[in-house]
Structures are given as C-alpha cells and as structure tokens.
Amino acid sequence: MRPILGSRPEPRVATYFTDAAALNVAYGTPPTIVLGPGEAQLRTRPTEYCVVERVAESVAAYEEIARRWCNI
C-alpha cells in the first residue's frame, strides 16, 4: 500500500461491524484486512460517501493484489 498511499498503513482495530467479522470466525480467525474506499467515521450512515481519490486508490490496490495473487 505504500506506493499507492504514500505511506505504510498501521495495523489497527475496526470498531465497527463488517462481513469480515463473521467470515473470520467461520474460517478460524485468519489474519484479516478490511480494504476499501469508505471513510470509517461515516460508515452505515445515510450520508456515507466515498471520495473519488479513495476509489481510485482502492482500484489500484485491488489490481495490485490480483497481480500478485495471480503472479502476473
């Protein structure tokens, strides 16, 4: 993520619910990453939105993950 964000994100705890919580239990608590363009402080609110730059960063991150996963 450093090349995309300009810095290395620090691990932290999410204080909100995501599907990752249920999947984490179902799969025996593997290391989990929640990755996406949303602003955590706006989650699940009627006024939730994504900043266009964050969407672009997420696309770049997903592409890089897919390249590495598929060895391309």
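Looking at the stretch 1-53 only, could you name the residues that are among the basic types (Lys, Arg) and part of a loop (DSSP other than H, G, I, E, B)?
Arg8, Arg12, Arg43, Arg45
Has the stretch 44-65 got at least one residue that is at pLDDT below 90, in contact with a Ser or Thr (Cβ under 8 Å, 6 or more places away or on another chain) and on the phi < 0 side of the Ramachandran plot? Looking for residues that are at pLDDT below 90, in contact with a Ser or Thr (Cβ under 8 Å, 6 or more places away or on another chain) and on the phi < 0 side of the Ramachandran plot, one finds none in the stretch 44-65, hence no.
Scanning the stretch 27-72 for residues that are among the small types (Gly, Ala, Ser) and without any contact (Cβ under 8 Å) to a residue 60 or more places away in the chain yields Gly28, Gly36, Gly38, Ala40, Ala56, Ser58, Ala60, Ala66. Are any of the residues in the stretch 36-51 under 13 Å from the mean Cα position of the chain (by Cα) and open to solvent by 100 Å² or more (accessible area, probe 1.4 Å)? No. Scan the stretch 19-31 for residues that are in contact with a Ser or Thr (Cβ under 9 Å, 6 or more places away or on another chain) and within 24 Å of Arg2 (Cα to Cα) and the total you get is 1.
The values are calculated or read from the model by the stated rules, or taken from the named source; none is laboratory data. All values reported here derive from a predicted model rather than from experimental measurement. Here the Cβ is made from the backbone with ideal geometry for all residues, glycine too, and neighbour counts use every protein chain on show. Quick note on the areas: whole protein, heavy atoms, side chains included, nothing else; ligands and nucleic acids left out. Shrake-Rupley method; radii C 1.70, N 1.55, O 1.52, S 1.80 Å.
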